[in-house]
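Here's the structure we're looking at; comments come further down.
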Amino acid sequence: MRTLLLITIAAVLTASTSFAHHSFAATYETGKSITLEGSIVQFVYRNPHSFVHIDAPDASGVSQRWAIEWGGTTQLAAAGVKRDSLKVGDKVVISGRPSRVPGEYRVLMINLTRPSDGFTWGRGTNEVVD
Amino acid sequence: MLLALAIATAVSFRVSAQGGGARPPDIAGEWRLDSNEDPGQPPLADYLGLALNEAGRLRADTTPESIWGTPEYQCRPHSAPHQWRGVGGARILKDLDPISREIVGYRVQFMRSLDRPIFVDGRPHPPAWAPHSWSGFSTGEWIGQTLKVTTTHLKDGYLRRGGPQTSDMLTMTEYITRHDDVLSILQVVDDPIYLDEPYVLSITYTYDPNAGPATENCSGSSFAENGGRDRHWVPHFLPGQNSGIGEFLKTQSWIPFEPIRGGVKTIYPEYRAVLAKSATVNTLTVPVSKTANDVARRIADQSPRDGQVHVMPVQGNVYILIADGTNITASVGRDGIAIVNTGSAQMTDKVLAALTELARSVVSPPATNTCFGANCPGMPSWSSPYFNAVVASPRPARPIRYIINTSAAPEHVGGNEKLAASANFRRAGGAGGFGSAVREIGTAATIVAHDGVLTAMSTPANRAAAAPEAAWPVDTFFDAFYKLSEYVNGEPVILYHAKAANTDGDSFVFFRHSEVIAAGNLFSTISYPLVDTTNGGTIQGVIDGLNEILDLSVAEYRSQGGTWIVPGRGRLSDTADVASYRNMLVMIRDRIRDLKKQGKTLEQVKAARPTLDFDGRYGATTGPWTTNMFIEAVYKTL
């Protein structure tokens, strides 16, 4: 029974990857990364993917609203990230893959750090957005 | 490519002949996707095996995957050609006639879909001006043991993931055959807008009672995905700037570059001569399959110039009259008639006849007497004295009460004078009563429009004489919007001014309870929008107007239906259709702006063909509004 349960969980996790309505590689430059430092303005904790919105400067120093695509609730909860783990106004440092579309302030999360308390995601086992 | 189709069909006929009229197999049930010829997530910009034409290649190159992140597309199902290939299985349900218990249709469900009906009751496909949907309109017929499904009225989408797109003029034919517990689907996608020959693909499913598709909920009401800073953001690549082209060859370097760009000459065995350097693509001859999809005719049929008036119900109180190439939107009910635009002058008699007939059928339809005795609604006293009024001579329909003009274009105001005069909408008090200063009260319908329409009709710039005064708007507005001062047929009617759009006086009209918007010239499903630069029109104004329509509109479910939008010309549409049109205009605007920024002259811009991937769908080389005129107008107003 235990084996069957594990297989079932594995199947659900695999399926949830396929359910994503867009392809990461088609949406983001998976060979590039950028680092943003800014303040959280919104945290949308939902499936299939969560989004962190921050105000942070772009390459030319102009402040922009960035949408950072993160894992779904199942994946994040398993890593200890809850709906209230991040709050509006938190200062964070985020590394991610930039959008392929010029002018689109959209990033795929690689890792996130909140320097004020050391909260971090993206450096542990399985902490890769799927 | 069509050889496989021919063989499949021939086999089906043979089975039929051998079966001697055997019942078709039962295809209902839960089906698990086994295999198909196309990976669900092919590499980015991999067009290998696709007969993309020049337009199809440009469209694929410039349309990014993040278009899914726009509010109007976040909840859309997979597009029809991809639906069978998506994960999650398929469920096929039978619809039975409750009396005969014959199968009258099937419904197919996928994980990310609305139900897809397939009618096998012999009904025809809808007219070309009917709306398109994500699953389209499908009819089926059994050919031996194979169900042949023909689908039209599809929305635009993608042929497969990673770039290649389809237009909304594609047709799809599927041959569904059950072999024991295996279901094979042979799919033929015929879209000459983007393909030089139909695309043929097979998919295999296995019967599995546990494979039923789940419902994938969508919480796409936010526009978070594209940054959340601009709900009107349209992601796209300028030509030549898609970073994904050729990217996957870095890990699969054995594949030559040329065939991954698609093209009919690269998908046949003859192409080996090119690889062997004994021929070039240009000199190659391949046995191209012909399309059976007469796109030009089907586009023209959306707005037929046949001298007739075609009536189609929309939603709530609202109907469309397709009147010889232009649309009239009509609210019809117990309060009377309110119409948006009046068609061309020569169609007025037919329009009036159609409206009168429509009003009669809506307000006083022939019906049996359904209430007897002394207490029937609407019959003060016993029912029998009123018998003839119910069954033989009901009250006449109410006349036209309001005429709203979305612009001063002749095809929108041509019937103003005659239709307004036809209305004798009496109000107590007569001409001498309150409001007598306004000439039309009690004697004619009220004509409402933005002040720019009145200016254009009363002081035209390029015409010898003004339109007759009786055709002019008598109730005009200057502000961003204008609410009719009273409900019409139980609902508010609001006019929104689209500033500096097609001209300086355009509006669109919102019927707020019926959830219908008459878009006027802002939106057409058969042409690029008119941008009359001599009368204050700009491309940005048109885009802004479309964005405002999108802001007011709400899709019913999965980015479909809900608020219906009546274009100035063409088929009935919804939010996703308007978004698609808006997206196209943004892409074209940005391309022309970029070329202009590079210092290109107008002629150089035209030579660069910035509208190439949309010309087959919306362009024209002759007539009053050609592609070159459109490009020039965009160029001038940027």
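Legend: P(r) of chain B from all alpha carbon pair distances, 20 Å bins from 0, whole percents, reading 17, 46, 30, 7, 0. The value of relative contact order for chain B, using C-alpha pairs under 8 Å at least six residues apart, is 12 percent. The charge dipole of segment A:22-121, taken about its Cα centre with unit charges on the Cβ atoms of Lys, Arg (+1), Asp and Glu (-1) only, comes to about 200 debye. From least to most packed, judged by other beta carbons within 10 angstrom and beginning with the fewest, B:Tyr207, B:Tyr194 follow the order B:Tyr207, B:Tyr194.
Cβ-Cβ distance of B:Ala22 and B:Ala367, R₀ of 45 Å, FRET efficiency by 1/(1 + (r/R0)^6): the value works out to about 0.45.
Per-residue Karplus couplings for segment B:597-605, computed as 6.51 cos²θ - 1.76 cosθ + 1.60 with θ equal to phi - 60°, are listed in order as 4, 6, x, 6, 7, 4, 5, 5, 5 Hz, Gly and Pro entered as x. Considering the zone a paramagnetic label at B:Asp349 would reach in this model (a point 7 Å from Cα along the Cα-to-Cβ line), which residues of segment B:301-317 have amide N under 20 Å from it? Taking a point 7 Å out along Cα→Cβ of B:Asp349, the residues of segment B:301-317 whose backbone N falls under 20 Å are B:305-311. Note on B:Lys250 and A:Ser95: with the Förster distance fixed at 22 Å, the Cβ-Cβ geometry gives a FRET efficiency of about 0.45. Once the chain from B:Val391 to B:Ser184 is taken as fully extended at 0.36 nm per residue, the excess over their C-alpha distance is 69.0 nm. The convex hull around the C-alpha trace of segment A:22-121, projected and averaged over every direction, spans 6.1 square nanometres. Taking the DSSP bridge list for segment A:22-121 and keeping only pairs wholly inside it, about 90 percent are antiparallel. With R₀ fixed at 41 Å, the C-beta to C-beta distance from A:Arg46 to B:Ala480 puts the FRET efficiency at about 0.75.
Extending 7 Å from the Cα toward the beta-carbon at both A:Asn126 and B:Leu275 defines two label points whose distance is 4.3 nm. Each of B:His179, A:His53 was scored by other Cβ atoms within 10 Å of its Cβ. Listed from fewest to most, they are B:His179, A:His53. For B:Lys418, the lysines whose Cα comes closer than 26 Å to its Cα, not counting residues fewer than 8 places off in the same chain, are B:Lys350, B:Lys483. Sequentially through segment B:229-243, phi angles give Karplus couplings (6.51, -1.76, 1.60; θ = phi - 60°) of 10, 8, 5, 9, 4, 10, x, 6, 9, 5, x, x, 10, 7, 5 Hz, Gly and Pro residues having no value and appearing as x. Taking 18 Å as the cut-off, the amide N atoms of segment B:379-408 that come nearer than this to a point 7 Å along the Cα-to-beta-carbon line of B:Asp451 belong to B:405-408.
As a proxy for reagent exposure, B:His232, B:His132 were ordered by neighbouring Cβ count within 10 angstrom, fewest first; the result is B:His232, B:His132. Straight-line cross-link partners of B:Lys148 among the lysines, defined as a Cα under 20 Å from its Cα and at least 8 positions apart when in the same chain: B:Lys94, B:Lys290.
Applying 0.36 nm per residue to the separation of B:Glu556 and B:Asn282 and subtracting their alpha-carbon distance, the gain on full extension is 93.8 nm. Take the alpha carbon gyration tensor of segment B:457-603, find the square roots of its eigenvalues, order them as a ≥ b ≥ c, and report rounded if a/c is under 1.5; if not, report prolate when a/b exceeds b/c, else oblate. Here segment B:457-603 falls in the oblate category. Taking label positions 7 Å along the Cα-Cβ direction at both B:Arg297 and B:Tyr487, the computed distance is 4.8 nm, reported to one decimal. Quick one: grab the alpha carbon gyration tensor of the protein assembly as shown, order the square roots of its eigenvalues as a ≥ b ≥ c, and give me rounded if a/c is under 1.5, else prolate or oblate depending on whether a/b is larger than b/c. Judged from the Cα gyration tensor, the protein assembly as shown comes out prolate (a/c at least 1.5, a/b above b/c).
Computed from the coordinates by the stated procedures, all read-outs in this text should not be read as laboratory data. This structure is a prediction, so every number in the text was calculated from the model and none was measured. Neighbour counts are summed over all protein chains in view; Cβ atoms, including those assigned to glycine, are modelled from backbone coordinates with ideal geometry.
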